[in-house]
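The values are calculated or read from the model by the stated rules, or taken from the named source; none is laboratory data. Worth saying up front: this structure is predicted, and the values here are computed from it rather than measured. Positions of Cβ are generated from backbone atoms using ideal geometry, with glycine treated the same way; all protein chains shown enter the neighbour counts.
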Amino acid sequence: MLYYFQMKFLLKKYYIFIIVAVLFCAGFAAAAVKQHIRAGNLKENAFSAQEQDRQIEEFQAKYEQKLTAKDESQIQASSIAKDENPPYRRIYFKPGGIPVLMYHYVGSLPPNADAIRKDLTVSAENFSAQMDYLAQSGYRTITTARLYNYLSGKSNLPPKPIVITLDDGHADAFKNAVPILLAHHMVASFAVVSGFVGTSDYATWQQISRAQSEGMEIINHSFNHMNFADPRFTLQYKQDAIAKCVSALQGELGDNTKTFVYPYGSYGTDIENLLKADGFDMAFTTNFGEAYKGDNLFELPRIRVHGLETLERFRETLGDYGNSKLASR
Ligand SMILES: [Zn+2]
């Protein structure tokens, strides 16, 4: 009898030991897995100056789309995510300014689109309504090349000129915006990232070439949408990112654009000097404003068209209030 109780006691002790051992092993395994994941992440994010090219290109290719949306939006008011249709801004432009509109996606939203994607996406219906408004209000679309000729004093422009830019070369912008523009006898300037052409969600060279033959302007937005303000990049790397896009546009389209659009809107003296040395005429940021004669042609601002903004807000952002124009041009 005593022996039985002794055994039961020992077994009980044994079970406790097993439970403790299992818990210990599980805890250890969990910690090991966590450590492994952390090490993996650290490895992925580790950029050393020596191997920056390969790693950064990999990184860019993998995360570009997300970074594009995030970083470009952050340059605008951080309230975008909260405020999907920001209140009207009473903007009084000085006379003589030329609006340069900035779009990204033109089409429908993917499922589960976040606030940033929504902000970057103008539906085809809204884009069409905006072009209707511009046409009815007497705006005339011009290319960035014509804008340059005007700003540098080489030629004049028709009354109420406006530039339309579409960044990044998204497939939906070519598919949806080009027919709408053509129906309105309008031109727009598509800033393409040569390294992304033909990859998922981006237009193919065939689509871009067709748009070009239909009168659309194709402009340089770098080879890999790198952030030129990122200190991890060498000057040589930046130069290559511009040059690769130059030769791709030249080779695929015979295009010799002299217009650059800064990825993420990031600019600085070094990149401006590189562009000038490469023969570029002008470059656009994501700063808000109109283009004026006398501006630094390598820091030209634009007017972002927000995804969910109403037509009323679109008009007000252009300085058009009711039937009168408070900001005369
Ligand atoms: Zn971009």
Cβ-Cβ under 8 Å pairs, at least 6 apart or on other chains, segment 113-125 side assigned by TED's automatic domain parsing to the domain that holds LYS175, far side in a helix (DSSP H, G or I) and at pLDDT 90 or above: VAL122/GLN130; ALA124/ASN176; ALA124/ALA177; ALA124/ILE180
Only residues in segment 147-171 that are assigned to a helix (DSSP H, G or I) count as the first member; pair them with residues that are among the aromatic types (Phe, Trp, Tyr) and within 16 Å of the ligand (Cβ to nearest atom), Cβ under 8 angstrom, at least 6 apart or cross-chain, and list the lot. ALA171/TYR202
Within segment 243-279, take every residue that is of a type in the set (Phe, Trp, Tyr) and within 19 Å of ALA188 (Cα to Cα) and give me the one that is farthest from the ligand (Cβ to nearest atom). PHE260
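Conditions tested, residue by residue: (1) over 29 Å from ALA129 (Cβ atoms); (2) aliphatic (A, V, I, L, M); (3) touching an Asp or Glu at 6+ places or on another chain (Cβ under 7 Å).
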site	(1), (2), (3)
LYS154	yes, no, no
LEU157	no, yes, no
ASP167	no, no, no
ALA173	no, yes, no
MET186	no, yes, no
SER194	yes, no, no
ASP201	no, no, no
THR204	no, no, no
MET216	no, yes, no
Given (1) among the polar types (S, T, N, Q); (2) farther than 23 Å from GLY97 by Cα; (3) in a strand (DSSP E or B), number of the condition SER247 does not satisfy: (3)
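Please enumerate the residues belonging to segment 219-238 that are out of contact with any Gly (no Cβ under 9 Å at 6 or more places or on another chain) and surrounded by 17 or more Cβ atoms within 10 Å (Cβ to Cβ).
Taking segment 219-238 first, the residues out of contact with any Gly (no Cβ under 9 Å at 6 or more places or on another chain) are 219-220, 226-227, 230-238.
ILE219, ASN220, MET226, ASN227, PHE233, TYR237, LYS238 - these are the residues of segment 219-238 that are out of contact with any Gly (no Cβ under 9 Å at 6 or more places or on another chain) and surrounded by 17 or more Cβ atoms within 10 Å (Cβ to Cβ).
Tell me, yes or no, whether segment 307-319 has at least one residue that is under 23 Å from SER123 (Cα atoms) and within 16 Å of the ligand (Cβ to nearest atom). Break it down into steps so the answer makes sense when it comes.
Taking segment 307-319 as the starting set, the residues that turn out to be under 23 Å from SER123 (Cα atoms) are 307-319.
Okay, now just the ones that are also within 16 Å of the ligand (Cβ to nearest atom), so 307.
Yes, the conditions are met somewhere in segment 307-319.
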Pair list, Cβ under 6 Å, 6 or more apart: segment 261-277 residue at negative phi, other residue near the ligand (Cβ under 8 Å from one of its atoms): VAL261/ALA191; VAL261/HIS221; PRO263/HIS225
In segment 172-226, what residues are within 16 Å of the ligand (Cβ to nearest atom), under 20 Å from GLY107 (Cα atoms) and aliphatic (A, V, I, L, M)? ALA173, ALA177, ALA188, ALA191, VAL192, VAL193, VAL197, ALA203, ILE208, ILE218
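For residues that are in contact (Cβ under 8 Å) with a residue 40 or more places away in the chain and away from the ligand (no atom under 15 Å from the Cβ), tally how many sit in segment 227-238.
Going residue by residue through segment 227-238, those that are in contact (Cβ under 8 Å) with a residue 40 or more places away in the chain are 227-228, 232-234, 237.
Still in the running and away from the ligand (no atom under 15 Å from the Cβ): 232-234, 237.
Count: 4.
ASP119: over 22 Å from ASP295 (Cα atoms), buried (at least 22 other Cβ atoms within 10 Å of the Cβ), modelled with pLDDT under 95 and within 16 Å of the ligand (Cβ to nearest atom), yes or no? Show your work before the answer.
On the way: over 22 Å from ASP295 (Cα atoms): yes; buried (at least 22 other Cβ atoms within 10 Å of the Cβ): yes; modelled with pLDDT under 95: yes; within 16 Å of the ligand (Cβ to nearest atom): yes.
When the stated conditions are applied, ASP119 passes them.
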Out of all the residues in segment 263-296, which are among the small types (Gly, Ala, Ser) and surrounded by fewer than 19 Cβ atoms within 10 Å (Cβ to Cβ)? SER266, GLY268, ALA277, GLY279, GLY289, GLY294
